[in-house]
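The values are calculated or read from the model by the stated rules, or taken from the named source; none is laboratory data. Just so you know, these numbers come straight off a predicted model, no measurement behind them. No Cβ is skipped: glycine too gets one built from the backbone with ideal geometry, and neighbour counts run over all protein chains shown. Keep in mind that these areas ignore ligands, DNA and RNA; they rest on the heavy atoms of the full protein, side chains included. Shrake-Rupley method; radii C 1.70, N 1.55, O 1.52, S 1.80 Å.
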Amino acid sequence: MRIISKICHVVFSFLFAIMLTAYFITAENVGIISAALNQPTSERIDVSDEIQDTDYFKTNYTCLDDLINDGIALSEEIMAEGAVLLKNDNNCLPLDPNSEGNISIFGVASVDPAYGGEGSAAATNPLDPVDVKEGFESAGFTINDKLYGFYNKNKNAYVSTGYKINDASWSDVTSDEKVSASFGQYGDAAVVILKRIRGENGDLYYNNPSCDGEGGNYLALNENEKSLLRGLAELKGTTFNKIIVLLNAPNQIEAEFLFDPEYKIDAALWIGSVGVSGMSAVGKILSGEINPSGRLSDTFWMKHEYNPVMANFGVRQYANSSDFSSQFPTTSGNSYTGMNYTTYVMYQEGIYVGYRYAETRYYDVVSLRPGAGDFDYNEAVAYPFGYGLSYTSFEYKDFSVDYDQRTDRYTVKVTVKNTGEVAGKEVVQIYLQKPYTDYDVKNHIEKSAAELVGYGKTEALEPGAEQQITVSVNGSQLASYDAYGIGSYYLDAGSYLFTAARNSHEATNNFLAENYGMDTGDTNMVASFDKEADPITYSDGIVNLFDGGDILRYKNASDKNNAHYISRNDWAGTMPDGKVDIYLTQEMVDDIIRQNGDGWIESGNTAYPTYSKDAGLQLIDMRADNEGNPIPSDSEYWDEFMDQLSYREIAELITTGLRKTGLLESIGKPSTVEHNGPTGLTQKYGESVNGLAYIYGDPDSSKSPPYYPSLGILASTFNTDIAAKFGEMLGEDALWAGYSGFYGIGLNTHRSAYDGRNFEYYSEDPFLSGAQAARVVTGLQSKGCNAYVKHIAGYEQQTCRVGLSVWSNEQAYREIYLEPFRMAIVEGGASNAMTSYTRIGVTLCPASRELCTDFLRGECGMKGFVVSDMWKGRYLDSQLVTCLMAGCDLPDSDLSADIYDKYEENYGNVAEQMRTAAKRILYATVNSNAMNGISAGTRIVKITPPWQQALITGTVVSGILFLLSTLGYAITGISKRSF
Amino acid sequence: MFGLRSNPLSLVMPLICSALSVVTALLYREWFIGSAEFNEIAFYLMLGAGALGILAIIGLGDFAASVQFLMLLGGSMFYIYGMYYYVSIVLVGIDLQSFSTAFIACSALVGSTVALSTLNVLIKR
């Protein structure tokens, strides 16, 4: 009896403990679990007999099958227009599948290519992709099956793991005699696929001895890859006719090897990560069915050491951080949890990112500018920004630029003629050169020798056909940010040159030809406009916001710092010679720690807003007025509406995040589900009860949406129509999968090729990023899915990302890092934004009023809300109100509304900001597809989903059993002693 | 009320259990204090369970075993509650691809204390 009671006691104790823990953990994640189980957390009750059309955002599809197929086709189209032909010696490509279609594909990526990226944006339930074999065979090629089989069989031994690139060496590949013997039969071409991939969980390795790439460099070749290329080179001309390299990497592999005669490489194609069906396009590009028309969205360096950014990539500890370590909250040794307080990176290059450095330095060296120093462009740059080959050739003519003073716009026209023998598309790039003047030198304004200000892409032109491309450039693009002078945008006096060019280097050469009479370029492609100095026109309402992010301007900076920025006024004297040393001061430490709490917030007698006033309004009433016009966010009507909410309701709404917004029954606000990841939706269509797939019970609900090539490839299309189509397709996927928001307009800059998340971002160039993203946003939001531009701002590396201090200057912040965000909001209309984990100077991005309020709302006019990046595990609850007051409206986590209890009295200023944040969330929701199906007569009621009901029941039952068994155990224990 | 011990294990087991609980609690605190994964209730329950070893010495082994078991079980549940988010982050690969050594070691210790205290309850006295 005693042993039975013991066993019962133990078993039921375990059961109760497990059930109780499960209850509390799942209670924090009801939304996500319910979505995964297809169980609703609310239901809609129609209390009106009136029939209304409540499909405010309509789909163009009647079933998922069609939608998925169109998405797969779009993924292929993006690759078709975005893949960049880097090298094509002796017209090696295209290969005619009928006469040279027997090919051998080398590299473990032949069986394990990079389809997407890693981390939170990785496809978790991907559709079956078009693999290499399928892609090439569908293009008409016959693949060496023995070689393919070798890689398939040994895949696990050769795939990249951790720090290692791995892959099979030449001796590994040729160790199997049957494989070696097969080469002759498939010798029309050897195609080598080189793969590199990372993601949110880390940067690519640079100078890391654990990495097997040359010099510990993940973007260099490793010995196995080199031996493979050498082995193939030895067989070239005897066994293999041609050697073709596919760079299957969103990040730019060092391209020096493509020029190495030892490897005898004939052709190279950059394909990024290929998405669900990009491999079909790759096969067709090789066969000539598709003529490549992609142009590089990033510079391909010979070696990344030539990129001045690399001197300051990664992290550095403040030189005297140990003196202050006791003042910072203790963090664990677990890197996931660690908020960084003493690490920083300095963007010492200022605006000279990517081609802005290479072309400007080249321009200054060639034009013999004093202090230009020693720089060999051809040694540093393999392929410039904007570069890309075609199977045909194009002639540019009839270039003109007209200025319309009334609209302050420049209209650039150029006619493109296909002078080759096959049809093809051409990208026309418009570059601007601003004058670099004494005023600039005096006020530390930097100017790039060439910067992209517009582009256009032709239709597929048949041989001999022509098309005029027209590009409009806004006059504001001529101004530069003058942080140290007038503290706003300034139009300098001097000559402003426009050119139409095929890439950034050609543009620079055109400018050299125009300015110095050199025979480097075509002066017929240059137009010049003289301007007077103008400090007024473009500075209206804009002032320095980020002095605190510039270590040369930050008021509490140490005088021991050795920081400076690169300047074209003295290249040789200002180039980085290692990471910059910055010292902490006590005031800096105070500024950092102050953000961990709310002690700085003043309490007092500020009036509280009105609460719980019955106005009889539902959220749907805020969608449009009686005439059907949208109600603007600054309408007084919103005040009346907001007066209805209670303090608690507001607190709950602004603490319910984690890829969603919360339900508010009283005003008929539905909960929303937001997606995370820029290259396509990563969850299955049927996972949300809000989606059409679930509502219609579509037979393909268990499938996942298509995923797309890395965004660098989308940028390389230089095609805004494709960008808009991509956005619209994401919007359709969102409608069918039940998402009302998309944490996925990734707009951080490709400052370096080593950022693990580069596949989620567009380009090194802010204009290209912003212009493509603006169209994606427009397409996406046309389907009622709110765009979240992310991660604003200064988030160009993964290492020590949480709390990392980023030091740059305001010109670079505005012209490079914030410009894509501005364009996506101002031109694309992006509703929402997600902040970065990093700091601007010492200020956490979600705690930066300058960023979240002054810039996003004040300058850009963003109407929706700002969400932090993942809150839990990074930020402290005590930081929530600090972020709220800065303008970050919602944490990306579910937090307790109790955090706001202490502000219910004596903090009218906090209450007002809470109300503002809630209104922004409600405004974004009411203008989203979340309102589909909701009419004036709809009431939304919270329900406990069946899984949670079952869990509660189980917990109660196990609790009773636990009590009974404990009682029994005690009684038998007493009995044993008594008798 | 629960009488004298009739089995040497009834003294040794609670003491081993107590020692292990204290070590686990202290290491848990050392490794995770200040992080979102650190749960104070778990820490105090483990520490409290350690202190219960004293009851075994004064002859309340049966009672000590039972309470120690419940405290450690509760502590482990709070430990899991504190850790689950970290575990989910690692599993989906957002930040980390593998669990930290501290997490693995601490989890093994917590599991061991619960297993030992379960045996302590079940042994015959």
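Some observations on this one:
- Those residues of segment A:824-868 which are surrounded by fewer than 24 Cβ atoms within 10 Å (Cβ to Cβ) and touching a strand residue (DSSP E or B) at 6+ places or on another chain (Cβ under 6 Å), in sequence order: A:Tyr837
- Meets criteria (in contact with a Phe, Trp or Tyr (Cβ under 6 Å, 6 or more places away or on another chain), away from chain B (no Cβ under 14 Å) and open to solvent by less than 10 Å² (accessible area, probe 1.4 Å)) for A:Ala911: yes
- Looking only at segment A:609-624, and only at residues there that are open to solvent by 70 Å² or more (accessible area, probe 1.4 Å) and out of contact with any Ser or Thr (no Cβ under 8 Å at 6 or more places or on another chain), the one that is farthest from A:Gly548 (Cα to Cα): A:Asp614
- Hey, A:Val941 open to solvent by 10 Å² or more (accessible area, probe 1.4 Å) and out of contact with any His (no Cβ under 9 Å at 6 or more places or on another chain) or not: yes
- Helices (runs of 4 or more DSSP H) lying entirely in segment B:24-125 (those with 3 or more residues that are facing chain A (nearest Cβ under 10 Å) and aromatic (Phe, Trp, Tyr)): B:61-92
- In segment A:829-849, the residues that are farther than 18 Å from A:Asp755 by Cα reach residues that are polar (S, T, N, Q) and assigned to a helix (DSSP H, G or I) with C-beta atoms within less than 6 angstrom, at least six apart or across chains, in these pairs: A:Ala847/A:Thr882.
- The residues listed here are A:Tyr538, A:Tyr481; of these, the one that is in a loop (DSSP other than H, G, I, E, B) and surrounded by 16 or more Cβ atoms within 10 Å (Cβ to Cβ) is A:Tyr538.
- Test: residue in segment A:608-618 that is out of contact with any helix residue (DSSP H, G or I) (no Cβ under 7 Å at 6 or more places or on another chain) and in contact (Cβ under 8 Å) with a residue 40 or more places away in the chain: no
- Criterion applied to A:Asp765, A:Asp700, A:Asp733 was being at pLDDT below 95 and of a type in the set (D, E, K, R), and the one residue passing it is A:Asp700.
- Yes/no for A:Glu137 being acidic (Asp, Glu), touching a residue at least 12 places away in the same chain (Cβ under 8 Å), closer than 24 Å to A:Gly275 by Cα and open to solvent by less than 30 Å² (accessible area, probe 1.4 Å): no
- Segment A:948-966, residues that are within 47 Å of the chain's Cα centre (by Cα) and hydroxyl-bearing (Ser, Thr, Tyr): A:Thr953, A:Thr955, A:Ser958
- The set of residues in segment A:226-282 that are open to solvent by 10 Å² or more (accessible area, probe 1.4 Å), among the small types (Gly, Ala, Ser) and under 23 Å from A:Ser169 (Cβ atoms) comprises A:Ser227, A:Gly237.
- Taking segment A:89-140 as the range and being in a loop (DSSP other than H, G, I, E, B) and of a type in the set (Val, Ile, Thr) as the test, the residues that pass are A:Val111, A:Thr124, A:Val130.
- Criterion applied to A:Ala268, A:Ala249, A:Ala255 was being touching a Leu at 6+ places or on another chain (Cβ under 9 Å), among the aliphatic types (A, V, I, L, M), within 29 Å of B:Ile89 (Cα to Cα) and modelled with pLDDT of 95 or more, and the one residue passing it is A:Ala249.
- Residue within segment A:333-346 that is under 25 Å from A:Leu204 (Cβ atoms) and assigned to a helix (DSSP H, G or I) present: no
- The numbered conditions (1) farther than 23 Å from A:Gly738 by Cβ; (2) open to solvent by less than 30 Å² (accessible area, probe 1.4 Å); (3) in the same structural domain as A:Ile952 (by TED's automatic domain parsing); (4) among the β-branched types (Val, Ile, Thr) are all true for A:Ile7 except (2).
- When residues in segment A:362-382 are screened for being among the small types (Gly, Ala, Ser) and surrounded by fewer than 14 Cβ atoms within 10 Å (Cβ to Cβ), 1 of them pass.
- Residue within segment A:514-534 that is in the same structural domain as A:Tyr363 (by TED's automatic domain parsing), out of contact with any Lys or Arg (no Cβ under 7 Å at 6 or more places or on another chain), closer than 23 Å to A:Val441 by Cα and in a loop (DSSP other than H, G, I, E, B) present: yes
- Within segment A:140-188, being open to solvent by 20 Å² or more (accessible area, probe 1.4 Å), among the aliphatic types (A, V, I, L, M) and touching a helix residue (DSSP H, G or I) at 6+ places or on another chain (Cβ under 7 Å) holds for one residue alone: A:Val159.
- Some residue of segment A:819-833 being of a type in the set (Val, Ile, Thr) and modelled with pLDDT under 95: no
- One residue from A:Phe385, A:Phe324 being crowded, with 22+ Cβ neighbours inside 10 Å and either more than 14 Å from chain B (Cβ to nearest Cβ) or not basic (Lys, Arg) (or both): A:Phe385
- Members of segment A:367-399 that are more than 28 Å from A:Ser769 (Cβ to Cβ), over 34 Å from the mean Cα position of the chain (by Cα) and not acidic (Asp, Glu): A:Ser367, A:Leu368, A:Arg369, A:Pro370, A:Gly371, A:Ala372, A:Gly373, A:Lys397
- Failed criterion for B:Ile80 (all others in (1) open to solvent by less than 50 Å² (accessible area, probe 1.4 Å); (2) without any contact (Cβ under 8 Å) to a residue 40 or more places away in the chain hold): (1)
- Only one entry in A:Asp598, A:Asp581, A:Asp570 is touching a residue at least 60 places away in the same chain (Cβ under 8 Å) and surrounded by 18 or more Cβ atoms within 10 Å (Cβ to Cβ), namely A:Asp598.
- Yes/no for A:Tyr565 being within 30 Å of A:Phe324 (Cβ to Cβ), in contact with a helix residue (DSSP H, G or I) (Cβ under 9 Å, 6 or more places away or on another chain) and not acidic (Asp, Glu): yes
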